[in-house]
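Asker: One structure, as structure tokens, below. Some questions next.
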Amino acid sequence: MIAFSKTLKLSASVFLGATLCIYAAQAPQRIDVSKMSKQVENVVVPLPNEIFGALNKLGSVNWREYVRTEKSNNCTERPRVALLLGTVIADGFISVQAEDAPAVKEIGQRVLFLAKQIGVGNSITPHAKAITEAADKRKWEEVRQELDRTQSSVQAAMNEVQDQKLSQLVSLGGWLRGTQVLTSVVTKRYSPDGAELLHQPDLLVHFQTQLQGMPEYNLPIIRDIQNGLGQVKPLVDAPKISAESVRKINDITTKLDNGIVTKQ
């Protein structure tokens, strides 16, 4: 099994990338994930916002359909809060894709609330304020930048107090929510190009390795995610990801995402 020394960061920049370049380009004959990614150690990390842009080139997407603003049930376990924070930040980027200002503002406040729960609220307060102001003015690029800074600040603050494992769970929560939305889009309008975006076997191994190093977090949701990643891994490792595989991945990630946002 590959050993990794760095924390994988599916940060807000992961959701941004170079979307403008993709929108300006011609629709690809085949989407090459490695060309819209960054590499951390031996892991290729796909850039979700670039992926969203690629999906738009394959066919328009009604991003408002995927906006989620309802508050999740409050939880006190720090690992659950970290996972939830990752999903909420991911929801922020989806709301920006939909240009939904009220949703973005609500999510900004939710991020601040969750960050305070795990002791890093002070580093997030200025970002939450800037997100609200930029959303009011419909300055979406500024919102994206502040979301980027938000996750970077959260993870830097947690790393400073030796909470790297919680930082990893923030990344994992964001990846699960992003994958759930991606598979929802591809399931509705399957294409081999869209399905190719899910070809991330090394990333699955990385997350599995991280969770194996967290025996102290013996929570039902953590065990569910470990089992779920084990089910997803062979599906994304196939030479060609079928429509049925995309649907199965969606079922698994939807269940895990619901498990994160719903009090167990």
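The values are calculated or read from the model by the stated rules, or taken from the named source; none is laboratory data. All values derive from a computational prediction rather than experimental measurement. Every residue, glycine among them, receives a Cβ derived from its backbone with ideal geometry; neighbour counts consider all protein chains shown. For accessibility, only protein heavy atoms count, side chains too; no ligands or nucleic acids. Shrake-Rupley method; radii C 1.70, N 1.55, O 1.52, S 1.80 Å.
Asker: Test Ala103 against the criterion of being in contact with a Ser or Thr (Cβ under 9 Å, 6 or more places away or on another chain), within 30 Å of Pro215 (Cβ to Cβ) and part of a helix (DSSP H, G or I), and give yes or no.
Answerer: Criteria not met by Ala103.
Asker: Could you check region 54-70 and list, in sequence order, the residues that are modelled with pLDDT under 70 and more than 30 Å from Thr209 (Cα to Cα)?
Answerer: Asn56, Lys57, Leu58
Asker: Here is a follow-up. All but one of (1) in contact with a helix residue (DSSP H, G or I) (Cβ under 7 Å, 6 or more places away or on another chain); (2) over 17 Å from Ile94 (Cβ atoms); (3) among the polar types (S, T, N, Q) hold for Gln180; which doesn't?
Answerer: (2)
Asker: Is there a residue in region 228-244 that is outside any helix (DSSP H, G or I), at pLDDT 95 or above, open to solvent by 40 Å² or more (accessible area, probe 1.4 Å) and of a type outside the set (D, E, K, R)?
Answerer: Checking region 228-244: at least one residue is outside any helix (DSSP H, G or I), at pLDDT 95 or above, open to solvent by 40 Å² or more (accessible area, probe 1.4 Å) and of a type outside the set (D, E, K, R).
Asker: Let me ask you something else. Name every residue in region 184-207 that is closer than 17 Å to Gly173 by Cα, outside any helix (DSSP H, G or I) and touching a residue at least 60 places away in the same chain (Cβ under 8 Å), in order of residue number.
Answerer: Gln200
Asker: Among the residues of region 208-223, how many are free of Cβ contacts under 8 Å to residues at least 60 places away in the same chain, assigned to a helix (DSSP H, G or I) and either open to solvent by 70 Å² or more (accessible area, probe 1.4 Å) or within 16 Å of Ser171 (Cα to Cα) (or both)?
Answerer: Residues meeting the conditions: 4.
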